[in-house]
Amino acid sequence: MPTSPRITGTFLDEITHDIPSQNWSREDWRKEFRLYSQIGIDTVIIIRAGYQNKCIFPSRSIPDLLPVHDDLGETIFSLADEFELGVYFGTYDSGSHWHRGAWWKEVELNRAFVAEAAERYGHHASFQGWYLCHETSRNASNIIELFNETGRICKNAKDVPVLISPFPQGAKQFAGGAVMPLDESMEHWSRIFEETCGAFDICAFQDGQIHYQELPKFHKAIEELGMRNGVRIWSNVESFDRDMPIKFPPADWRYLRIKLEAAARAAEKIITFEFPHFMSPHSCYPAAHNLYERYSEYLGT
């Protein structure tokens, strides 16, 4: 019998940009990481360590930083060391400069921020990668310049793999004339990949912006894109629901299974946004507890 596809990595969203804080203590994180070591999750990705004037550690490089009393980054790295998980460290997003076209300001902020991160956390055995947190759906917002410059900065600070997680300009996130056919979206990403060769090593496209029936074509196109450009292909199988009129409930298991099985046909590794909120038995969402039970049954655990 074929093995059921398994999620082996998860983002951690602890700047709480558009989902609520769970107010976890170090012991709550310990329970979560212990669970990961038991169910086959070997990789955690800090989706952004800094956003606007917020950060997971008391950074010297972020302007107008709000008070930071705890070093959540150290908690994540030290627990990942303990449970033998790999951590990908997410860069800084100003929320403004790159959207206004001043990409060089975004790069300079990240130059200092990445240096801080390498100095503070680079000794941890669990520090196994970087995550470029600037996400876009197309060749816009100077994404080529951002990837090229920030990817190089990361590799110079600590030479470990660099990950991105972009998305297609699909119907579930964009409305009306803003929606791109999948072929057109892949034209954008083909150009981006060609012009950012060496800036990143791994790409995990988000899968939640398109309709379920588009998934086979989507994954085939991404697989070919990676092969042409020497980029490893993971899949970011979103475990929250974009079909509901509210932001964002845990996914319906029936449709998450469709996405898992589609991703497994093409991706080297399946990660998710985002296990702690939407799939964990420790989540603040009761529906996440049920989703974890359905997923566990599916795996036969």
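Computed from the coordinates by the stated procedures, all read-outs in this text should not be read as laboratory data. Predicted model, so just to flag it, every value in this text is computed and none were measured. Methodologically, a virtual Cβ is constructed for each residue, glycine included, from the backbone with ideal geometry; neighbour enumeration extends over all protein chains shown.
Tabulated data
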| quantity | calculated |
| --- | --- |
| Failed criterion for Ala140 (all others in (1) free of Cβ contacts under 8 Å to residues at least 24 places away in the same chain; (2) farther than 30 Å from Pro245 by Cα; (3) within 21 Å of the chain's Cα centre (by Cα) hold) | (2) |
| The range 72-109 - residue that is of a type in the set (Gly, Ala, Ser) and assigned to a strand (DSSP E or B) and, of those, nearest to the chain's Cα centre (by Cα) | Gly90 |
| Qualifying residue in the range 208-222 (condition: touching a strand residue (DSSP E or B) at 6+ places or on another chain (Cβ under 9 Å), without any contact (Cβ under 8 Å) to a residue 24 or more places away in the chain and either within 25 Å of Gly40 (Cα to Cα) or among the polar types (S, T, N, Q) (or both)) | no |
| Flag if Ala287 is farther than 20 Å from Ile47 by Cα, assigned to a helix (DSSP H, G or I) and in contact with a His (Cβ under 8 Å, 6 or more places away or on another chain) | no |
| Gly198 vs. criteria more than 28 Å from Asn290 (Cα to Cα), part of a loop (DSSP other than H, G, I, E, B) and under 20 Å from the mean Cα position of the chain (by Cα) | yes |
| Boolean, Ser25 is surrounded by fewer than 18 Cβ atoms within 10 Å (Cβ to Cβ), among the small types (Gly, Ala, Ser) and in contact (Cβ under 8 Å) with a residue 40 or more places away in the chain | no |
| Failed item in (1) in a loop (DSSP other than H, G, I, E, B); (2) touching a strand residue (DSSP E or B) at 6+ places or on another chain (Cβ under 8 Å), with Asn139 passing the rest | (2) |
